[in-house]
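Undergrad: Before I ask anything, here is the structure I am working with.
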2 protein chains.
Amino acid sequence: MKNNCFNIEDYLHRVKSFHGHVAPGVVIGGFMVHLARTQIPEGVLFDAISETPACVPDAVQMLTPCTIGNGWLKIINLGRFALSLYDKHHGNGFRVFLDPVKLEKWPEIMAWFFKLKSKKEQSHEEILSQIKKAGVEICGVCPVQIKPDLLKKRDKGKIAVCPSCAEAYPLRDGNMCLACQGSSPYLIPIYTEGNAHEVKFI
Amino acid sequence: MKNNCFNIEDYLHRVKSFHGHVAPGVVIGGFMVHLARTQIPEGVLFDAISETPACVPDAVQMLTPCTIGNGWLKIINLGRFALSLYDKHHGNGFRVFLDPVKLEKWPEIMAWFFKLKSKKEQSHEEILSQIKKAGVEICGVCPVQIKPDLLKKRDKGKIAVCPSCAEAYPLRDGNMCLACQGSSPYLIPIYTEGNAHEVKFI
């Protein structure tokens with residue numbers, strides 16, 4: 001994507017394929033990423049922060065080299081519909097946000113965003129139509145400086161084998177892995193003491 | 001992708017495009033996702049958990065309908081190189097993990113995974129070659145049941161406008177948004193009391 005052009009129809013196809021459906025939030029997110037990119041000088045390697053886990057991260061992942069899995073996109077859930085792109089070495093960049101004041105001109109987007117109508121009362125077509133017309137008009141942008149701690153490269157440190165589940169984990173997490181310390185998302189225990197391997201390796 | 005075939009060369013092209021480089025973790029992640037999918041009956045709508053933010057989430061996002069932004073992929077950072085795919089309504093599914101015992105046959109993967117060699121001493125080609133030969137052989141798989149709390153649909157609840165930054169946020173977060181409560185990742189204040197709009201809207 002060139003900095004100064006954003007092909008919305010091409011983007012909508014990609015949204016359908018990657019995100020699964022053309023959700024209003026991902027479409028607005030596309031315009032937001034576009035706006036942020038226009039602020040970053042060509043050639044600057046940038047990282048991204050999404051201030052919400054909803055929709056915005058997928059726009060970032062589709063339109064920039066930053067993904068969750070490569071670590072260049074971080075989600076810091078502040079509940080705000082906003083994102084930042086910033087120089088990955090120096091932390092200076094731009095934050096783009098959906099501006100409630102600017103939404104007043106766009107009642108369907110407003111009703112969707114603030115849940116002023118039930119899902120049944122909302123018209124997906126009308127919301128999308130207003131989003132496409134509004135484009136970056138409903139966004140605000142401002143320069144930001146990222147806190148130095150967030151610029152540090154993540155490093156798992158030493159890797160050990162958990163004495164409980166026999167899997168690799170970062171030693172800094174403690175004497176056993178976080179799952180075996182009680183943070184497992186699973187109801188049924190995967191491991192039984194003494195014969196872990198018999199239970200685990202199917 | 002059909003459940004019973006996994007075109008590794010096609011996948012490697014997609015990894016380069018989406019993840020930016022052919023990282024060993026994303027390639028192994030591809031085999032892991034493939035293995036998990038073969039366990040899920042056709043037609044079952046599934047969600048995903050990645051137990052690490054590194055690499056694995058990108059494999060899930062490339063090879064399944066689950067993305068971070070659509071909420072079907074969750075990252076629960078337990079520091080383990082593992083993922084689960086599970087029935088999104090009932091929570092039953094399968095967990096796939098990289099098995100340290102099985103790595104003993106593959107010294108280059110082992111050295112990379114446990115950081116037994118410095119980056120300089122590692123051969124990217126050799127690691128990738130062993131990963132491609134090993135395929136799903138280095139993985140373990142077992143059935144899991146997800147805790148009921150994790151099956152609930154996320155709902156932001158009522159949306160309010162933050163009196164401090166004038167942006168929308170979930171009211172359940174408190175009297176102001178989490179960023180204005182002190183969790184902002186930005187060094188330079190974006191807002192100054194009294195003339196927020198002047199500062200924010202460039």
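Undergrad: Mind listing whichever residues of the range A:100-109 are more than 7 Å from chain B (Cβ to nearest Cβ) and either touching a residue at least 24 places away in the same chain (Cβ under 8 Å) or open to solvent by less than 40 Å² (accessible area, probe 1.4 Å) (or both)?
TA: Of everything in the range A:100-109, those that are more than 7 Å from chain B (Cβ to nearest Cβ) and either touching a residue at least 24 places away in the same chain (Cβ under 8 Å) or open to solvent by less than 40 Å² (accessible area, probe 1.4 Å) (or both) turn out to be A:LYS102, A:LEU103, A:LYS105, A:TRP106, A:GLU108, A:ILE109.
Undergrad: Any chance the range B:38-52 includes a residue that's within 14 Å of the chain's Cα centre (by Cα), among the aromatic types (Phe, Trp, Tyr) and either within 8 Å of chain A (Cβ to nearest Cβ) or open to solvent by 20 Å² or more (accessible area, probe 1.4 Å) (or both)?
TA: no
Undergrad: Is one or more of the residues making up the range A:64-84 under 29 Å from B:PRO24 (Cα atoms), part of a loop (DSSP other than H, G, I, E, B), in contact with a Gly (Cβ under 7 Å, 6 or more places away or on another chain) and within 7 Å of another protein chain (Cβ to nearest Cβ)?
TA: Looking through the range A:64-84, at least one residue is under 29 Å from B:PRO24 (Cα atoms), part of a loop (DSSP other than H, G, I, E, B), in contact with a Gly (Cβ under 7 Å, 6 or more places away or on another chain) and within 7 Å of another protein chain (Cβ to nearest Cβ).
Undergrad: Look at B:VAL26 and say whether it is within 11 Å of chain A (Cβ to nearest Cβ) and open to solvent by less than 20 Å² (accessible area, probe 1.4 Å).
TA: Spelling it out, B:VAL26 is indeed within 11 Å of chain A (Cβ to nearest Cβ) and open to solvent by less than 20 Å² (accessible area, probe 1.4 Å).
Undergrad: Hey, can you tell me all the residues within the range A:168-190 that are at the interface with chain B (Cβ under 7 Å from one of its Cβ atoms), of a type in the set (A, V, I, L, M) and either crowded, with 16+ Cβ neighbours inside 10 Å or in contact with a Gly (Cβ under 7 Å, 6 or more places away or on another chain) (or both)?
TA: A:ALA168, A:LEU178, A:ALA179, A:ILE190
Undergrad: Within the range B:143-159, is even one residue under 19 Å from the mean Cα position of the chain (by Cα) and of a type in the set (Gly, Ala, Ser)?
TA: no
Undergrad: Inspect all residues belonging to the range B:24-47 and state whether any of them is among the aromatic types (Phe, Trp, Tyr) and closer than 20 Å to A:SER183 by Cβ.
TA: Checked against the condition, which is being among the aromatic types (Phe, Trp, Tyr) and closer than 20 Å to A:SER183 by Cβ, the range B:24-47 yields no hits at all.
Undergrad: Now for a separate question. Checking the conditions here, which among A:GLY135, A:GLY140 is at pLDDT 95 or above, within 24 Å of B:CYS177 (Cβ to Cβ) and in contact with a helix residue (DSSP H, G or I) (Cβ under 6 Å, 6 or more places away or on another chain)?
TA: A:GLY140
Undergrad: Mind counting the residues in the range B:110-133 that are surrounded by fewer than 14 Cβ atoms within 10 Å (Cβ to Cβ), away from every other protein chain (no Cβ under 14 Å) and aliphatic (A, V, I, L, M)?
TA: Within the range B:110-133, residues that are surrounded by fewer than 14 Cβ atoms within 10 Å (Cβ to Cβ), away from every other protein chain (no Cβ under 14 Å) and aliphatic (A, V, I, L, M) number 0.
Undergrad: For the range B:155-167, name all the residues that are open to solvent by 80 Å² or more (accessible area, probe 1.4 Å) and more than 8 Å from chain A (Cβ to nearest Cβ).
TA: Scanning the range B:155-167 gives B:ASP155, B:PRO163.
Undergrad: Being within 27 Å of B:LYS74 (Cβ to Cβ), touching a residue at least 12 places away in the same chain (Cβ under 8 Å) and open to solvent by 70 Å² or more (accessible area, probe 1.4 Å) is true for just one of A:ASN77, A:ASN92. Which residue is that?
TA: Going through A:ASN77, A:ASN92 in turn, just one is within 27 Å of B:LYS74 (Cβ to Cβ), touching a residue at least 12 places away in the same chain (Cβ under 8 Å) and open to solvent by 70 Å² or more (accessible area, probe 1.4 Å): A:ASN77.
The values are calculated or read from the model by the stated rules, or taken from the named source; none is laboratory data. Computed from a predicted model, the values in this text were never measured in an experiment. Every residue, glycine as well, gets a Cβ built from its backbone with ideal geometry; the counts of neighbours run over all protein chains shown. These area figures cover heavy atoms from the full protein model, side chains too; ligands, DNA and RNA do not enter into them. Shrake-Rupley method; radii C 1.70, N 1.55, O 1.52, S 1.80 Å.
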